[in-house]
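The structure under discussion appears below in the form of structure tokens.
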Amino acid sequence: RQLEQSSVIPGTGGDIWRVLWEAARVYAETLVHPGTRYPETTAPCVLCQQALDGEAQQRFARFDEFVSSEATANLERADAAIGDFRRSFEGLQIATDGDMEVIAEVAELEPTLGQLLSELVARLQAARAGVVSSLEAALWTPLAAVEEARVADVAVLAQRLLDEANAMEAVAEEREETRRRLAELRTREWVAGHLPAINARIAWLSRRQHYQAAIAETDTSAITREGSRLAERWATQELADAFSAELDSLTSGQVRVALRRAGGARGVAHHRLELDGVQRRGIALADVVSEGEHRAIALAAFFAEVGAAGSSGVVADDPTSSLDHRFRRRIARRFVRIARDRQVIVFTHDIVFLHELSHEAVVQGVQLAARQLSREGDHAGISEDGLPWHAQRITERLTALTDDLPNLRVLHNNVRPEYEIEARRLYGRLRQAWERAVEEVLLNEAITRFSPAIQTQRLRRVVDVTEEDLTAVDAGMTKCSAWLEGHDQPATANEALPDPDEIDADIRALRTWVQSIRRRRGG
């Protein structure tokens, strides 16, 4: 580009100009000035055939320098290209180890084709070596002809191998399917041999799943949390106030206990009882209160919960156990008050408490339905209507004595030894009936064995007791005592036990005496 810029004629140093320069050089060195190197500046120019002046000679010297430097550069580039080409041939891999393994497999299947491919590889490798040698020597040596591979034969072999591979793959798939089917049949055979155990296991897993589902459905954690939350928000203070009121009513304020929340479990909110008004917390309630007071506290908590439980029925089992007489009447009064609005069932062995319940039922106008449970021989839980004998009033006792007479008559006519036992037992109960009549009718219940109080106001109706009344009581109880179990008769008496008719007359005598006093007093 510098040569072109310093020249008068455009294109100087370009490709067309180079052709012109090369033609002039060949013409000068061959025909005009043999044995000299072009350009010969002292001779006429071979193109314009004129002598060259000083400026023209300098121009030709620049042309020669440009062409010489360009030729050197071209030579270097050509040498570098030839070196790269040689190295690429030296690194050219005609066949890899894998290719040779494939050719060996082909030779096993088609020996002729395998031999041809092996020779082709050898010839290609020899051709590569010849090219590399020519490049190194800078002298080209003609290469031996390389026979073309039979591509069609290779294609046919490849297609045949592909078909065989597909067939073998199909056979392999069929074999795998057969193996899978065989494994399935063997599994079925094993299952058939263990079917009872498998069915039992399935049933067990099914039951376990049902149990787990039932356990999840009956998990009370959520109920406990919600119950605790609701109790904390709505019922805690109300329940605490109700407990305090119930406890004050039962103990007349002698026991001071506070009710505090204590978490919950299985859907039930729990509370803790603590002594109220003490300096130090954490004192165990059971270490301070008596057994009776502890029972009263428990009943107060029970009554408080009953008050908050709506209209559900109430069942109490021996509620006065370990309680003294101070609490019986208050507890009986509370149970009867609850019975105004709902059914109350009380199981008790305490005759005194039963008497208090009966008394409160009359006072509060609540119906009392009494049942008694007894045992006869090996049979337990025999239920009968009415109160037990010791809790019965005189009218009920007279009815019970009269009801025993038919069985007594049967024994009198058929089984004399048992009649004597039953007759003496009946006279013992008849004596107790006389005692109850004296307490209830003659003394107008001013003093009763089941009540700690003496009701002096009832003595106002006792002023009509006569000598005949006392004589009747003495006669009736004396006769009963004569035949009472445990009383031994004198050997000289040798008196026969009264028959059923006489016993009936003795029962009617007591009933007549009771009725006469009640008529006299207008009751």
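The values are calculated or read from the model by the stated rules, or taken from the named source; none is laboratory data. What you are looking at is a predicted structure, and each value in this text was computed from that prediction instead of being measured. Reconstructed Cβ throughout: ideal geometry from the backbone, glycine too, with neighbour counts over all protein chains shown. Each accessible area value is taken on the protein alone, full model and side chains, heavy atoms only, with ligands, DNA and RNA left out. Shrake-Rupley method; radii C 1.70, N 1.55, O 1.52, S 1.80 Å.
Worth a mention:
- Within region 409-434, the residues that satisfy the criterion of being of a type in the set (A, V, I, L, M, F, W, C) and either more than 29 Å from Ala369 (Cβ to Cβ) or open to solvent by 50 Å² or more (accessible area, probe 1.4 Å) (or both) are Val410, Leu411, Val415, Ile421, Ala423.
- Residue list for region 332-364, filter: touching a Gly at 6+ places or on another chain (Cβ under 9 Å) and in contact (Cβ under 8 Å) with a residue 40 or more places away in the chain: none
- With respect to the conditions (1) out of contact with any strand residue (DSSP E or B) (no Cβ under 8 Å at 6 or more places or on another chain); (2) open to solvent by 40 Å² or more (accessible area, probe 1.4 Å); (3) modelled with pLDDT under 85, Ala391 falls short on a single one, namely (2).
- Filter result for Arg409 (more than 19 Å from Ala316 (Cα to Cα) and not polar (S, T, N, Q)): yes
- Scan region 354-383 for residues that are in contact with a strand residue (DSSP E or B) (Cβ under 7 Å, 6 or more places away or on another chain) and open to solvent by less than 80 Å² (accessible area, probe 1.4 Å) and the total you get is 6.
- Being surrounded by 12 or more Cβ atoms within 10 Å (Cβ to Cβ), at pLDDT 65 or above and not basic (Lys, Arg) holds for only one residue in Ser206, Ser221, Ser252, Ser244, and it is Ser244.
- Of the criteria (1) more than 17 Å from Ile82 (Cβ to Cβ); (2) open to solvent by less than 70 Å² (accessible area, probe 1.4 Å); (3) at pLDDT 75 or above, which one Val131 fails: (1)
- Odd one out for Gly310, checked against (1) within 19 Å of Ala245 (Cα to Cα); (2) surrounded by 13 or more Cβ atoms within 10 Å (Cβ to Cβ): (2)
- All of (1) surrounded by fewer than 17 Cβ atoms within 10 Å (Cβ to Cβ); (2) of a type outside the set (Lys, Arg); (3) under 26 Å from Ala332 (Cβ atoms) hold for Glu467 with one exception: (3).
- Selection of region 373-400 for residues being aliphatic (A, V, I, L, M) and part of a strand (DSSP E or B) yields Leu373, Ala380, Ile382.
- Residues of region 332-353 satisfying the condition of being out of contact with any strand residue (DSSP E or B) (no Cβ under 9 Å at 6 or more places or on another chain), open to solvent by 30 Å² or more (accessible area, probe 1.4 Å) and assigned to a loop (DSSP other than H, G, I, E, B): Arg340, Asp341, His349
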